[in-house]
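The values are calculated or read from the model by the stated rules, or taken from the named source; none is laboratory data. This structure is a prediction, so every number in the text was calculated from the model and none was measured. Cβ placement follows ideal geometry from the backbone for every residue including glycine, while neighbour counts extend to all protein chains displayed.
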Number of protein chains: 2
Amino acid sequence: MFQFNPTLEKDSHPIIEDDDLLIRLIDDARFAWVLVVPKVAGLTELHDLDNALFDKTFRVVRRLGRVLKTEFAAEKINTAAIGNMVSQLHVHVVARHKEDAVWPRPVWGAGDMVRLSAPEKTKRIQLIKDGLRLD
Amino acid sequence: MFQFNPTLEKDSHPIIEDDDLLIRLIDDARFAWVLVVPKVAGLTELHDLDNALFDKTFRVVRRLGRVLKTEFAAEKINTAAIGNMVSQLHVHVVARHKEDAVWPRPVWGAGDMVRLSAPEKTKRIQLIKDGLRLD
């Protein structure tokens, strides 16, 4: 039975959940950063996702890329499944800017999280929800 | 007309090429590391790939993940489209080990490349070609 990893859970807020996927906002004011997590127990690698759920996961990942690029006026979208720290499969979609805290380095392991204020959290979640709905 | 980015070209060796994709081995002895590059001029984002070529690209990316995990006895496969340094869309597939040079940090921007010896280069290319063929 799928159980969401507690570290990922602690560091993120729910945006949307259905039977197959969790879509979560990373709790970091420095970057507009979303996780997509297929709800499959024990899954760690993209190549072990079945084809139907892979397709669904990446339809969402690519939609999120478009939404984050537009809504957050990003220079570049970074998309990644890494999992060296937390092996439970999770796909990062991150809006990057030339002026952001660590550009052009990757965000993973770069500096400390800056927790979102409540209004900023609400605003980001709403922008992303609206963007996914309209896409 | 598509032209392969000269920095990516300089830092990698051809494995397979067809009308749609370049598959290249990164010239770094520290990691078994492959790039998949859709041959579309001006393309920078996954969400701007048309669906058919996205599907083909990720069929290859996921096969490579399986091959690298098996043939290089990897702990974890890291898959990413970042593009902060070179915006031309390229997907990284990297075999990671707990004993590798930068574990658990990401490979991007971590230390200096260690160029492959000619025999090691030949061996890796052959392993990957054979793995993709048998998959």
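Can you say whether A:G42 is without any contact (Cβ under 8 Å) to a residue 60 or more places away in the chain and at the interface with chain B (Cβ under 9 Å from one of its Cβ atoms), as far as the supplied structure shows?
Judged against the criteria, A:G42 is not a match.
Determine which member of the set B:A41, B:A95, B:A73 is buried (at least 18 other Cβ atoms within 10 Å of the Cβ) and at pLDDT 95 or above.
One residue alone meets the criteria, B:A95.
In the stretch B:2-19, which residues are surrounded by 12 or more Cβ atoms within 10 Å (Cβ to Cβ) and in a helix (DSSP H, G or I)?
Within the stretch B:2-19, B:L8, B:E9 meet the criteria.
Does A:K56 count as touching a residue at least 24 places away in the same chain (Cβ under 8 Å) and either within 11 Å of chain B (Cβ to nearest Cβ) or of a type in the set (S, T, Y) (or both)?
So A:K56 fails the test.
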